[in-house]
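*Asks:* Take this structure, written in structure tokens, and hold onto it; I'll ask about it next.
The values are calculated or read from the model by the stated rules, or taken from the named source; none is laboratory data. This is a predicted model, so every value here is computed, not measured. Note that we place each Cβ from the backbone using ideal geometry, even for glycine, and neighbour counts take in every protein chain shown. Remember, those area values only see protein heavy atoms, side chains included, never the ligands or the DNA or RNA. Shrake-Rupley method; radii C 1.70, N 1.55, O 1.52, S 1.80 Å.
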Amino acid sequence: MSHQEVPNALRTLNLIDGQWREASGGAWFDKYEPANGRVMAHIAAGTAADVDAAVAAARRQFDGGEWSTMPGAERGRLMHRLADLLEANADEFVTLLAREGGRVVMEPRMMDIPMAIDTLRYFAGWADKLEGRQIPTAGFMGQPTFNYTVREAIGVAALIVPWNNPMLIGVWKLAPALAAGCTVVIKPSEDAPIGLTRLAGLATEAGFPAGVINVVNGQAEVGQALVSHPGVNKISFTGSTPVGRAIAAVAGPQFKHLTLELGGKAPQIIFEDALLERAIGGVAMGLFANQGQTCAAGTRVLVHRSRYEEVLHALAGAARSLNVGDPLDGHTQMGALINARHADRVKGMIHAAREAGARMFAGDEAVPAEGYFVRPTVFGHVSPDAVIAREEIFGPVGVVMPFDTVDEAVALANDTQYGLSATLWTNSVGQAHSVAARLRVGAVAINGWSPLDARLPWGGGKDSGMGRDLSRVALDAYLEEKVVSLVM
Ligand code: NAD
């Protein structure tokens, strides 16, 4: 990889066996800052040899190192210490995450950092509560037995992370893995590796033994090497559906445990009786937060026909009023997309939708000259079969479509390959719960946008993946239950 040193650019290394290391091949790649297009950091371009070294370090700790015998309460104490260090360094992380993601500072400050701290503390509390069960049976061939179960960590976990909430999603995986007693190799996204790698550095300061938390930076090949590595027992992946499918194809025959959090095309349903003054702001947030680069982005706005024109124009007005620009400026409401390629892809999809006849009600306004900006865009009068209404865009683009009956709203909402989340806006409690029951998704938010919390399971079905991050369910995903029977 060609590489030219840029003054003041950060250097992001790999963390293997407690040591910061350059990539084994000595190669680097550049990470560009989304809001201005300039080189922000040089990132070590890890290799399969680095993955080998990281997995070996993780295996040593898991199979016989200090970590393998550490009491759960001590693991929990280290996790609390990491949470405390993140809290103490919150300001640095807010700026780092805003810069590397092109995200308005309010988002990491209000969401990513506090939720990462809370998630670490929530799972730290589980580390000394991995209790088994005593299970009575009729005995074995006439002999009574005494049976109990022990919950044991699965082993070495590969944590493969996307760029949209890179540090937070890393913590969603890291925290249950550590609480369970696994050791980990993290593969941050090549587009946003800086904050998550820095967090791993804080873990070293917190006192985690060398080799418990390893980080290998690099491109997709690093992820591929991890997924196929025989020393890895568990893979937790968040990213796109095609990559999730490729990972499942490799991991399946090796019987690796899998958690897959993939794409989405979430519906936001506005019923006839919704309080619009509240709904419009919430729908806009669900659509445009993080520039629409969230798996739960509510990109399909389904509106009862009696309120359709009103909602379409109000949402377009809200989109046009958003202040797009420098993420570090406190007045900015929307930042930049992650990289030039992705911004071009989103703009290409907007262009293609217009060519195909979709009417654009917001999105034509000017954007800053430098950086990877796309204006919040609203389409109306779009067929549910249109590409723009079906494919995940992962940008600030929504379609507004009408429905006439509740059945039609449910059918439209479920008519997608994805099944991650949905939002309902209604004043009727009965309608809210009956529709929630009929939606084929992993999470339904009523009169608000997907409240994420460490205690609530997060994930979906269909092409949105399998398994859950967060909550007790995520802890279980890093544990096996062993049965011990004493024949008496
Ligand atoms: P991506 O799939 O391109 O990459 C994700 C990670 O996988 C990166 O670290 C990448 O280097 C690595 N990777 C790429 N190819 C690989 C392979 N063959 N084997 C192993 N690893 C590989 O996704 P992205 O563009 O970084 O993130 C955007 C996607 O993530 C969107 O589709 C979004 O919906 C999804 N997402 C889902 C959730 C959720 O909770 N369901 C949350 C956030 C993002």
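*Asks:* Rounded to whole Hz and in sequence order, give me ³J(HN,Hα) for the stretch 276-292 from the Karplus expression 6.51 cos²θ - 1.76 cosθ + 1.60, θ = phi - 60°, writing x for Gly and Pro.
*Replies:* Working through the residues one at a time gives 5, 4, 8, 5, 4, x, x, 5, 4, 5, x, 8, 10, 4, 6, 6, x Hz.
*Asks:* With a/c under 1.5 counting as rounded, go ahead and sort the stretch 267-460 into rounded, prolate or oblate using the C-alpha gyration tensor (a ≥ b ≥ c being the square roots of the eigenvalues; past the cut-off, prolate if a/b is larger than b/c, else oblate). Before the final figure, lay out the partial values.
*Replies:* Numbers: a/c = 1.62, a/b = 1.42, b/c = 1.14.
Prolate.
*Asks:* Next question, about the same structure. To the nearest 10 degrees, how steeply does helix 241-251 sit against the main Cα axis of the chain, on a 0 to 90 scale?
*Replies:* 20
*Asks:* At 1.4 Å probe size, with no ligands or nucleic acids counted, give the accessible surface of His304 in Å², nearest ten.
*Replies:* 30
*Asks:* Among the trypsin sites (Lys or Arg not before Pro) within the stretch 382-455, which fall in a DSSP loop and have no more than 16 other Cβ atoms within 10 Å of their own Cβ? Intermediate values should be presented prior to the final figure.
*Replies:* Working: sites: Arg390, Arg438, Arg440, Arg455; in loops: Arg440, Arg455.
Answer by residue number: Arg440, Arg455.
*Asks:* Given the protein chains as shown and a 1.4 Å probe, how many square angstrom of Ile135 are accessible, to the nearest 10?
*Replies:* Around 60 Å² of this residue is reachable by solvent.
*Asks:* Return one number: the angle in degrees, 0 to 90 and rounded to the nearest 10, between the long axis of the Cα atoms of helix 308-321 and the longest principal axis of the Cα atoms of the chain.
*Replies:* It works out to around 70 degrees.
*Asks:* Contact order normalised by length for the chain, with contacts defined as Cα pairs under 8 Å and 6 or more residues apart; what percent is it?
*Replies:* For the chain, the relative contact order is 19 percent.
*Asks:* Stokes-Einstein D for the stretch 430-488 at 37 °C, 0.692 mPa s, Kirkwood Rh over Cα pairs, in µm²/s?
*Replies:* Numbers: Rh = 14.1 Å.
This corresponds to a translational diffusion coefficient of 233 µm²/s.
*Asks:* Using a 1.4 angstrom probe on the protein heavy atoms only, could you order Trp126, Trp67 from most to least accessible area? Could you put the intermediate results ahead of the total?
*Replies:* Numbers: Trp126 50, Trp67 5 Å².
My answer, sorted largest first, is Trp126, Trp67.
*Asks:* Here is a follow-up. Shape verdict for the stretch 193-247, please, from the Cα gyration tensor: rounded (a/c under 1.5), prolate (a/b greater than b/c) or oblate. Could you put the intermediate results ahead of the total?
*Replies:* Numbers: a/c = 2.52, a/b = 1.71, b/c = 1.47.
Note, shape of the stretch 193-247 comes out prolate.
*Asks:* Excluding Lys265 itself, what net charge comes from residues whose Cβ is under 15 Å from its Cβ, given Lys and Arg +1 and Asp and Glu -1?
*Replies:* On the way: positive: Arg300, Arg390, Arg440, Lys462; negative: Glu261, Asp385, Glu391, Glu392, Asp415, Asp463.
Residues close to Lys265 contribute a combined charge of -2.
*Asks:* Quick check for me: using +1 on Lys/Arg Cβ and -1 on Asp/Glu Cβ, what's the dipole size of the chain about its Cα centre, in debye to the nearest 20?
*Replies:* Values: 42 positive and 51 negative charges, 147 e Å.
With only Lys, Arg, Asp and Glu charged at Cβ, the dipole is about 700 debye.
*Asks:* When ligands, DNA and RNA are left out and all protein chains stay put, how many square angstrom of accessible area per residue does the stretch 148-221 have with a 1.4 Å probe? Could you put the intermediate results ahead of the total?
*Replies:* Numbers: 1260 Å² over 74 residues.
Solvent-accessible surface per residue comes out at 17 Å².
*Asks:* I've got another one for you. If the limit is 19 Å between Cα atoms, which of Lys187/Lys256; Lys234/Lys482; Lys129/Lys482; Lys31/Lys347 go over it?
*Replies:* Working: Lys187/Lys256 17 Å; Lys234/Lys482 17 Å; Lys129/Lys482 16 Å; Lys31/Lys347 21 Å.
Listed pairs above 19 Å: Lys31/Lys347.
*Asks:* Starting from the Cα gyration tensor of the chain, take the square roots of the eigenvalues, sort them a ≥ b ≥ c, and report rounded, prolate or oblate (rounded when a/c is under 1.5, otherwise prolate if a/b is larger than b/c, else oblate).
*Replies:* Values: a/c = 2.07, a/b = 1.31, b/c = 1.58.
Cα axes put the chain in the oblate bin.
*Asks:* A further question on this structure: Over the alpha-carbon set of the stretch 139-198, divide Rg by the Kirkwood Rh and report the Rg/Rh ratio to two decimals. Don't skip to the end; give the middle numbers.
*Replies:* Values: Rg = 18.6 Å, Rh = 13.7 Å.
We get a ratio of 1.36 for the stretch 139-198.
*Asks:* Write out the chymotrypsin sites (Phe, Trp or Tyr not before Pro) in the stretch 192-301 meeting two conditions: DSSP loop, and at most 11 other Cβ atoms within 10 Å of their Cβ. Provide the component values of the computation, followed by the final result.
*Replies:* Working: sites: Phe237, Phe255, Phe271, Phe288; in loops: Phe255, Phe271.
Sites meeting the loop and neighbour criteria: Phe255.
*Asks:* What angle do you read, to the nearest 10 degrees and between 0 and 90, between the alpha-carbon axis of helix 48-64 and the longest principal axis of the chain?
*Replies:* On a 0 to 90 degree scale, this one is about 50.
*Asks:* Looking at the stretch 267-460 only, what percent of DSSP beta bridges run antiparallel? Nearest 5 please.
*Replies:* On the way: 3 of 24 bridges.
DSSP beta bridges in the stretch 267-460 are roughly 10 percent antiparallel.
*Asks:* Go through Asp273, Asp191 and list them by solvent-accessible area, largest first, probe radius 1.4 Å. Please list the in-between numbers first.
*Replies:* Values: Asp273 60, Asp191 30 Å².
Largest to smallest exposure gives the sequence Asp273, Asp191.
*Asks:* Over the alpha-carbon set of the stretch 78-147, work out the extent along each principal axis and list the three values in angstrom, largest first.
*Replies:* Each principal axis gives a Cα extent; for the stretch 78-147 these are 68, 22, 16 Å.
*Asks:* Starting from the residue with the highest accessible area, list Asp385, Asp128 in decreasing order, probe 1.4 Å.
*Replies:* Working: Asp385 115, Asp128 85 Å².
Output order, biggest surface exposure first: Asp385, Asp128.
*Asks:* How much of the DSSP bridge set in the chain is antiparallel, in percent, rounded to the nearest 5? Walk me through the numbers on the way to the answer.
*Replies:* Numbers: 28 of 69 bridges.
Taking every DSSP beta bridge within the chain, about 40 percent pair in antiparallel fashion.
*Asks:* Could you please state how large a percent of the accessible area of the stretch 267-460 is carbon and sulfur, counting protein chains only and using a 1.4 Å probe?
*Replies:* Details: 4120 of 7870 Å².
Answer for the stretch 267-460 is 52 percent, counting heavy atoms of protein chains only.
*Asks:* Hey, what number do you get for the chain at 222 nm if only DSSP H runs of n ≥ 4 count, each worth -39500 (n - 2.57), divided across all residues, to the nearest 500? Don't skip to the end; give the middle numbers.
*Replies:* Details: 16 runs with 182 residues, N = 488.
-11500 deg cm²/dmol, from helical runs alone.
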